[in-house]
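The values are calculated or read from the model by the stated rules, or taken from the named source; none is laboratory data. Note that the coordinates shown come from a computational prediction; the quantities given were computed from them, not determined experimentally. Positions of Cβ are generated from backbone atoms using ideal geometry, with glycine treated the same way; all protein chains shown enter the neighbour counts.
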Amino acid sequence: MTQDIFLEIKKQSRAARTVSLVLSVLNSQIKNAALCAMAQAIEESTDEILAANTRDLALHRDLSPAMTRRLTMSRESIGRMADGLRTVAALADPVGAIERMTKRPNGLLIGRMRIPIGVIGVIFESRPNVIVDIAGIMLKSGNACVLRGGKEAVHTNSILARIMRETAGENGVPPDYLQFIEHTDHEVVRLLCENDEDIDLMIPRGGSALMEAVHRHARMPVLAHNKGICHVYIEKSADRERAIRIAVNAKVSNPSACNSAETILIDEAAAPAILPRLIAELQKQGVEVRGCEKTRAIVSGITAATAGDWTTEYLDFIISIKVVRDINEALSHIKQYATGVSEAIITEDYARAWQFLRTVASAAVYVNASTRFTDGAEFGLGAEVGISTARTYDRGPMGVEELTVTKYVIFGEGQIRQ
């Protein structure tokens, strides 16, 4: 990497730092108006965005089907991006809100005020809609951002970043709040992660190699999840039709998403009645099923699952199935193999549902619903910057409020400490 590129990245990061103070006190009306204007500008630029996306697809014909699905845009997906910005604009602004105000015996009023984090770096792969989601949430939460996308979508991302920066500047928002790094060399990741002078928090979104690189080089806090190995557990009391509907949806509605199911666990008491129909429906939807020995004894002709299947994030039309003795074996399996994103139990047993909710430590735990709902938009956040599985921060989809922190504010009337 040339010195010129290094200096360019440093310049962009410093520009984000410079405007972060302005952004942190920007009033809600200006932010909301800019977000709505961005949404309109994106819709009006649909043809330009699609042309850039077509160019990216043509340059990367060797991608897997799952990656190609992530990369491909349509008029509908562009419309959803714009609607996401409008949803973010309609959310309450957390910046400046004071929480948990209490009065001490000495008369001091002590509370916590929500403030932006500052400058957030996000390194993401594929999915061009990510840059719009992130830029919108960052603006609403008062944070500046330095973004670096994958090479597979660089032309699409560049167009979207330019549209949002230009529209921001036209609507009272410093355009430098959004910095997009167009260089796709892997060395850029290291340079960004070592720049703790300008970047306060790093968020990687992508595969395990990216996660490892960010954690290895980062000098600032990192908020991330690794693989999305999600489980659907069908407990013995589960309604048969409900179990099949949910399990199939959790796999096939978008198999390339991190919240899609990779493993189905099923009680041995329910397996003979449910597995034949469940597997038939999965296969009808084009899913390759890999089963444990007990699964294959109930339904013949499916591939044997290996130990490696329980640790594999397929991100494709593949799923592993394991028959378990009871909820305790299911919980033990989830504890060993889950990566902390989403797990679901299908049950009619109230006590078993609560046992599952209390025991499973993932960021989102479901009772009788698909894991596919773990998403900022579905949770009413408008969009998300990522899904956190960290144990020391807010967990789950990271929306506007989750990208703020608190500071103590104290109101006195002349009190002094004796």
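Summary of values
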| read-out | value |
| --- | --- |
| Counted residues, the range 333-346 - those being over 16 Å from ILE234 (Cβ atoms) and either part of a helix (DSSP H, G or I) or touching a Pro at 6+ places or on another chain (Cβ under 6 Å) (or both) | 3 |
| Tally, over the range 1-53, of residues that are surrounded by fewer than 18 Cβ atoms within 10 Å (Cβ to Cβ) and basic (Lys, Arg) | 3 |
| Total residues in the range 273-328, condition among the aliphatic types (A, V, I, L, M) and part of a strand (DSSP E or B) | 7 |
| Number of positions in the range 192-217 that are more than 17 Å from SER388 (Cα to Cα) and buried (at least 19 other Cβ atoms within 10 Å of the Cβ) | 5 |
| Of all residues making up the range 164-180, the number that are within 21 Å of LEU192 (Cβ to Cβ) and touching a residue at least 12 places away in the same chain (Cβ under 8 Å) | 8 |
| Selection from the range 135-181 of residues that are among the small types (Gly, Ala, Ser), in a loop (DSSP other than H, G, I, E, B), at pLDDT 95 or above and touching a Pro at 6+ places or on another chain (Cβ under 9 Å) | GLY142 |
| Test: residue in the range 199-212 that is touching a helix residue (DSSP H, G or I) at 6+ places or on another chain (Cβ under 7 Å) and among the β-branched types (Val, Ile, Thr) | yes |
| Matching option when the condition is free of Cβ contacts under 8 Å to residues at least 24 places away in the same chain and over 17 Å from ALA257 (Cα atoms), among THR303, THR347, THR359 | THR303 |
| From VAL341, VAL400, residue being under 12 Å from the mean Cα position of the chain (by Cα) and buried (at least 23 other Cβ atoms within 10 Å of the Cβ) | VAL341 |
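Okay, residues lined up against (1) under 30 Å from ILE110 (Cβ atoms); (2) hydrophobic (A, V, I, L, M, F, W, C); (3) surrounded by fewer than 23 Cβ atoms within 10 Å (Cβ to Cβ):
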| residue | (1), (2), (3) |
| --- | --- |
| LYS335 | no, no, yes |
| TRP354 | no, yes, yes |
| ILE387 | no, yes, no |
| ALA390 | yes, yes, yes |
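Yes or no, residue by residue, for (1) at pLDDT below 95; (2) more than 25 Å from the chain's Cα centre (by Cα); (3) closer than 22 Å to MET81 by Cβ:
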{"position": "MET1", "(1), (2), (3)": "yes, yes, no"}
{"position": "LEU7", "(1), (2), (3)": "yes, yes, no"}
{"position": "ALA15", "(1), (2), (3)": "no, yes, no"}
{"position": "VAL19", "(1), (2), (3)": "no, yes, no"}
{"position": "GLN29", "(1), (2), (3)": "no, yes, no"}
{"position": "ALA39", "(1), (2), (3)": "no, no, yes"}
{"position": "GLU44", "(1), (2), (3)": "no, yes, yes"}
{"position": "GLU48", "(1), (2), (3)": "no, yes, yes"}
